[in-house]
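Here's the structure we're looking at; comments come further down.
The values are calculated or read from the model by the stated rules, or taken from the named source; none is laboratory data. Bear in mind the structure is a predicted one, so any value in this text is a computation, not a measurement. Virtual Cβ from ideal backbone geometry, glycine too; neighbours counted across all protein chains shown. Note: accessible area is taken over every heavy atom of the protein model, side chains too, but ligands, DNA and RNA are not part of it. Shrake-Rupley method; radii C 1.70, N 1.55, O 1.52, S 1.80 Å.
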Amino acid sequence: LEKPLSLNSRDSELIFLECKKNKLICGAGLNRHYDTFFPIVEKYIEILGKCFHAEYKGYHKGEKTDPAFSLKRTEETGGLFLGGLVHKFDQANKLFGQPISLMATELNSTIENVVIATNVLVKYENKVSFNFSVRNDCKYNFGEFITLYCKDGIIEINFNIQTVSAILNPLNDKYSRAILSRFKYDLLHKKKLLKFNRKKVIFSETFWPGGQKNILENFSRVFFGQNGIDLVDINDNYISTKMAFACLESIKQKIWITI
């Protein structure tokens, strides 16, 4: 199946239940599930410590004219949530497991009353929060990136230049006013100099986006009983689709929605 399962929740439930009932092999066309940054991120988390929060930010130039890629919700494509953010939901779920609940909001322009920004906050079972922010009224296309906040630093996944970086002391880019105040305080009260650790990129690697080849290869592994299967199966597709519908319901009711 192409993602998502369906453009309405009733059909999604029906497809999911019938596939489970009849033990059907059902995979989703979520090509970004196969981006190669996942093992790199896992390796960096072992170095920087447990991740407690993550952010996805996407900045886009205005409203795209092609309806198939429109950031507005449409019956034909599913819009931003069902046609776009399901990819990012799937990536977040692959990193952090089962989502518990989410809250979604939209910001409308005051003049034309169209959606110019969307924000989704998701809670995960392992006490990780993930915030998705999309802005679609920018003057230029800034692109997209994910930041993981870990115990001893951050991990940046830059989709523009396709790099993953592990960074220590990310906020200490320069001697700020706050840092200088700490220097003064330590000299006056502790009679010693503050140890200042500058921002440092300790590792950086290139990754590649997934594609149709990855999807077909994993279908092939299923059919021939091979090992190393990483199919976006009916369960994964159902959860990411359910998250997209939960966003629409959350915006409508202005409440947290349980996944």
Members of the range 238-255 that are in a helix (DSSP H, G or I) and either surrounded by fewer than 15 Cβ atoms within 10 Å (Cβ to Cβ) or not aliphatic (A, V, I, L, M) (or both): TYR238, SER240, THR241, LYS242, PHE245, CYS247, GLU249, SER250, LYS252, GLN253
Residue pairs, Cβ under 7 Å, 6 or more apart or interchain, first in the range 15-43 and modelled with pLDDT of 95 or more, second open to solvent by 50 Å² or more (accessible area, probe 1.4 Å) and in a loop (DSSP other than H, G, I, E, B). List them. ASP35/PRO209; THR36/TRP208
Take the residues in the range 116-130 that are open to solvent by less than 30 Å² (accessible area, probe 1.4 Å) and part of a strand (DSSP E or B); name whichever of them is nearest to THR36 (Cα to Cα). PHE130
Residue check: is GLU217 of a type in the set (D, E, K, R) and either in contact (Cβ under 8 Å) with a residue 60 or more places away in the chain or under 21 Å from ILE40 (Cα atoms) (or both)? no
Residues of the range 199-237 satisfying the condition of being basic (Lys, Arg) and loosely packed, with under 11 Cβ neighbours inside 10 Å: LYS213
Among the residues of the range 19-29, is there at least one that is open to solvent by 20 Å² or more (accessible area, probe 1.4 Å), in contact with a helix residue (DSSP H, G or I) (Cβ under 8 Å, 6 or more places away or on another chain), within 18 Å of PHE145 (Cβ to Cβ) and charged (D, E, K, R)? no
Can you tell me how many residues within the range 30-59 are in a loop (DSSP other than H, G, I, E, B) and either open to solvent by 20 Å² or more (accessible area, probe 1.4 Å) or among the aromatic types (Phe, Trp, Tyr) (or both)? 2
Residue selected from the range 144-161 under the condition assigned to a strand (DSSP E or B) and acidic (Asp, Glu), by the criterion surrounded by the most Cβ atoms within 10 Å (Cβ to Cβ): GLU156
Out of the range 220-259, which residues are under 20 Å from GLU125 (Cα atoms), touching a residue at least 12 places away in the same chain (Cβ under 8 Å) and not β-branched (Val, Ile, Thr)? ASP236, ASN237, TYR238, SER240, LYS242, MET243, ALA244, PHE245, ALA246, CYS247, SER250, TRP256
Can you find even one residue in the range 164-177 that is open to solvent by 50 Å² or more (accessible area, probe 1.4 Å), assigned to a loop (DSSP other than H, G, I, E, B), of a type outside the set (Ser, Thr, Tyr) and in contact with a strand residue (DSSP E or B) (Cβ under 8 Å, 6 or more places away or on another chain)? yes
Output the number of residues of the range 131-143 satisfying the condition of being basic (Lys, Arg) and in a loop (DSSP other than H, G, I, E, B). 1
